[in-house]
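Below is one structure, written out as structure tokens; comments come after it.
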Amino acid sequence: MEQGSEKRTTSLIQGGMSLMPRNTIKPALQDLAKRNAELYEKYGRPLEKEHKGKFVAISEEGKVIIDPNDVQAAQKAIEEFGASRFAFYKIGFKAVKF
């Protein structure tokens, strides 16, 4: 590599669906986190009283899938919305631990 030239590396994000230069990953992930938080506030938070502790997948269009089993909720969401096309939360909790 020539001296002074910019080092270009790529990384896989979004389940291997796209290649992005490394310097754009952080902003892309920040945008994704912001979008997911907005989806939860709008569509997930109203579910807390009735469904706390269950898992919710929220599509970009606001459709929701609720299931007490995290794996089943994720599988249903992938089938219906497509991989990486939804926010995923445990209702009433700030983060899901795996």
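Against the condition part of a loop (DSSP other than H, G, I, E, B) and at pLDDT 95 or above, how does Gly44 come out, does it pass?
Answer is no for this residue.
Please identify the pairs in which a residue from segment 38-57 that is farther than 21 Å from Arg85 by Cβ has its Cβ atom under 8 Å from the Cβ atom of a residue that is aliphatic (A, V, I, L, M), counting only partners at least 6 apart or on another chain.
Glu48/Ile91; His51/Ile66; His51/Ile91; Lys52/Ile91; Gly53/Ile91
Does any residue in segment 64-84 that is closer than 14 Å to Tyr43 by Cβ come within less than 6 Å, Cβ to Cβ, of a residue that is of a type in the set (Ser, Thr, Tyr) and surrounded by 16 or more Cβ atoms within 10 Å (Cβ to Cβ) six or more places away or on a different chain, and which pairs are these?
As it stands, the answer is Val64/Tyr43; Phe81/Ser59, since those pairs meet every condition given.
Tally time: how many residues in segment 47-77 are buried (at least 16 other Cβ atoms within 10 Å of the Cβ), in a helix (DSSP H, G or I) and aliphatic (A, V, I, L, M)?
4
What about Phe88, is it closer than 13 Å to Glu41 by Cα and either in contact with a Phe, Trp or Tyr (Cβ under 6 Å, 6 or more places away or on another chain) or among the hydrophobic types (A, V, I, L, M, F, W, C) (or both)? Step through it out loud before you land on a result.
On the way: closer than 13 Å to Glu41 by Cα: yes; either in contact with a Phe, Trp or Tyr (Cβ under 6 Å, 6 or more places away or on another chain) or among the hydrophobic types (A, V, I, L, M, F, W, C) (or both): yes.
Taking the combined requirement at face value, the residue satisfies it.
The values are calculated or read from the model by the stated rules, or taken from the named source; none is laboratory data. Fair warning: this is a prediction, and the values are worked out from it, not measured in the lab. Reconstructed Cβ throughout: ideal geometry from the backbone, glycine too, with neighbour counts over all protein chains shown.
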